[in-house]
Amino acid sequence: MCAWRPWPYAATAIVQWEGLIEYLWIWVTFKYPMDQTVKPADTKWKVKLDGVAKPVQMSEWVDEFTIKLLIIYLEAIPDRVTVEYDGPDPLLRTTWDKQWEPWGPILGYRAMGSPFSGAKTHSALGPTDNVDVADIGTLFIDCSANNVTIGGFTGGEDGQHLHVVRLCAAVNDVTLEHNEDHAFQKIFLHRGADETLTGEYGGWTLACNGSHWFDVSHAKHV
C-alpha cells in the first residue's frame, strides 16, 4: 500500500502592483491559505519591470492568502510587471504543508489603474490586419510619408481600451477598415463602414471584448 504524499501544487497566483515615486509594491495572492510562519528567501521571486530584472528587497505576509514584495530604486513607473517563482521551497507552503512548485512569469496588473498604458507609433502603408497592441493604450499614427490603413489588431484583451491618434495634418489618409475579412481582431465602427481622416488631426477610441474591437468614439446618431 502506497503512503500518501503531499505533492506540491503547480498553480499560478494573482499578481497586483502599485508604483510610487521610488518604489513599487507587488501583491501575490494564492488560491489556498498559506503558512504565515515561514516564507522563502526574497531571491526566490524573479521580478521584471518592462523586461528588466529587479531584486526583491523585502517580503512580508499580508494575510494567509497574500504575500507582499518590495522593489526599490525605480527610474519610472513601469508599464509591464511580471513575477516568477523560482521554487520549489519548503518555506512556501499551504497551512496543511503542501509546497508550491515553480511557475513561469505571471503578468501583473496595476492595482490602482489600467495595465494598458503603453504607447507605440504605427506608420506602415498597409492595409495592415494584425497591428500588435498588446499592453498598448495609445496607438499614434504617423502618416507624414504615406497613407496608413489598418484593418485589424492582435494582442487585444477583454476590457482593453485603445486610443488611435493621428499625429499630423499631412495630406495623407488614415483609414480604419470596418469588419475587414482578413483581420485577426476585427474593428467594428459606428457607421458600419470604413472611416478616413484626411489632412486633419483626430482619431478613434476603441474597446476590446477579447476577440474584436468596437468604436466608442461616437454615438450612432452622429
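Values quoted throughout were computed directly from the atomic coordinates according to the rules given, and no laboratory measurement underlies them. This is a predicted model, so every value here is computed, not measured. We place every Cβ from the backbone using ideal geometry, glycine too, and count neighbours over all the protein chains shown.
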Note the full-extension length gain between residue 75 and residue 161 as 0.36 nm times their separation in residues minus their Cα-Cα distance, in nm to one decimal.
-> 28.4 nm
May I ask you to compute the full-extension gain from residue 84 to residue 31, defined as 0.36 nm times their residue separation minus their alpha-carbon distance, rounded to one decimal in nm?
-> 17.5 nm
Scan around residue 168 for amide H atoms under 5 Å from its own, H built in the peptide plane at 1.01 Å from N, and keep only partners 5 or more places away or cross-chain.
-> 143
Rank the residues 82, 66 as a footprinting-exposure proxy: fewest other Cβ atoms within 10 Å of their Cβ go first.
-> 66, 82
For the pair residue 60 and residue 181, the simple spin-label estimate (label points 7 Å beyond Cα toward Cβ) gives in nm 6.2 nm
Per the Kirkwood formula over distinct C-alpha pairs, the hydrodynamic radius of the chain in angstrom is 20.1 Å
Relative contact order (%) - criterion: Cα under 8 Å, at least six apart; region: the chain = 15 percent
If amide H atoms are modeled at 1.01 Å from N in the peptide plane, then the residues at a separation of 5 or more from residue 79, or on another chain, having amide H under 5 Å from its own are 50
All-pairs alpha carbon distance profile, segment 14-110, 5 Å steps from 0, percent | 3, 14, 26, 27, 16, 9, 4, 1, 0
Please go through the residue pairs 48/98; 54/120; 44/98; 39/68; 46/68 and name each one whose alpha carbons sit more than 19 Å apart in this structure.
-> 48/98; 54/120
How big is D, in µm² s⁻¹, for segment 118-215 by Stokes-Einstein at 37 °C and 0.692 mPa s if Rh is the Kirkwood radius over C-alpha pairs?
-> 254 µm²/s
Pair residue 193, residue 103: separation of 7 Å Cα→Cβ label points (nm) = 4.9 nm
